[in-house]
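Reading through the C-alpha cells given below for one structure.
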Amino acid sequence: MTPVQEQTPPAQVRPGAGAQAFKDAMALLAAPVSVVTARDAAGRRRGFTASSVTSVSLDPPLVMVGIALTSSCHDAMTQSGEFVINLLGEQHRPIAQRFATRGVDRFAPGDFCAWDDTTALPCLPDATVLLRCTTADVIRAGDHDLLLATPRQIRIRDHAVPPLLWYRRGFHTPVPAPAAA
C-alpha cells in the first residue's frame, strides 16, 4: 500500500520583484499595529498608525519605527527627539483607522493625554504597551526613514487584551488556536 500524498496547490508565481509583487507579499506578513505620537516644533500633537515597529537590540535596548518620507508626520517624528509608541489592542481599531487617515484631526475625540507632568508627549492611557522613546538615529532607507530609539520609560497595561494586527491590508484580531487534545 502506498501512502497518500497531499497535493499542495501551486504557488502563485510572480516574475521579478516589482513593487506590486512586493506589496502583495508584505500584505501576508502580519504585524502588530501601533500609533506613534510626538510633538512638533510648534508643540502640536502629531501621530500616525504604524505597522513597522520592531525591537532591534536588547543591549542597549533599541526599537525601530519606519515612517514614509511622504507622511504628514515625517518632519515632526524625525526632528522631535522623542516620541511614544502606543501598542494597540483590538478595542483600538477606530483609533488605528483614524490615525491612518489623512486630513482629519487625529486627536479630536480626546482619547490621548500627556505622558506626565514633565512632558506633553501624547499617549493613549489604555494602550497595551507604552514606550516613551528618545531618538538615537534616523536612517534613510528607500522611501522611508527608520527611527532608531531608546525606550526611556515603559508602561505595560493589560496582557489579556488581544493585539490589533495589520494583515492582508486590513485590521485583524487573532483568534487563539484550540488547545491540543
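The numbers here are math on the coordinates, done by the rules we state, and not lab data. This one's a predicted model, so the numbers in the text were calculated from it and none came from an experiment. Here the Cβ positions follow ideal geometry from the backbone for every residue, glycine too, while neighbour counts run over all protein chains shown.
Residues of segment 19-57 falling in the label zone of residue 68, defined by backbone nitrogen less than 12 Å from a point 7 Å along Cα to beta-carbon, are 49-51.
In the elastic network of the chain, a GNM with C-alpha springs shorter than 10 Å, the most mobile of 81, 18, 43 is 18. With the helix formula -39500 (n - 2.57) applied to DSSP H stretches of n ≥ 4, the chain reaches a computed 222 nm mean residue ellipticity of -3000 deg cm²/dmol. Between residue 114 and residue 75, what's the calculated FRET efficiency when r is the beta-carbon distance and R0 is 25 Å? Round to 0.05. For residue 114 and residue 75, the calculated efficiency is 0.70.
Put simply, the amide H of residue 129, placed in the peptide plane, has neighbours under 5 Å in 87, 157, leaving out anything fewer than 5 places away on its chain. Between residue 40 and residue 126, the contour length at 0.36 nm per residue exceeds the alpha carbon distance by 28.6 nm.
Here the Gaussian network model covers the chain, with springs between Cα atoms less than 10 Å apart; of 122, 32, 109, 109 fluctuates the most. When the charge dipole of segment 64-155 is built from unit charges on Cβ atoms (+1 for Lys and Arg, -1 for Asp and Glu) and taken about the Cα centre, the candidate among 95, 81, 151 whose Cα reaches farthest toward its positive end is 95. Three semi-axes describe the equivalent ellipsoid of segment 30-159; taken as square roots of 5 times the Cα gyration tensor eigenvalues and ordered largest first, they are 19, 17, 15 Å.
Stretching the chain fully between residue 19 and residue 152 yields a gain of 44.2 nm (0.36 nm per residue, less the alpha carbon separation).
Applying the criteria of a DSSP loop state and at most 14 other Cβ atoms within 10 Å to the trypsin sites (Lys or Arg not before Pro) of segment 104-181 yields 168, 169. Given +1 at the Cβ of Lys and Arg, -1 at the Cβ of Asp and Glu and no other charges, the dipole of the chain around its Cα centre is 360 debye to the nearest 20. Identify which of 163, 94, 151 has the largest mean-square fluctuation in a Gaussian network model of the chain, with springs joining Cα atoms closer than 10 Å. Highest fluctuation of the listed residues: 94.
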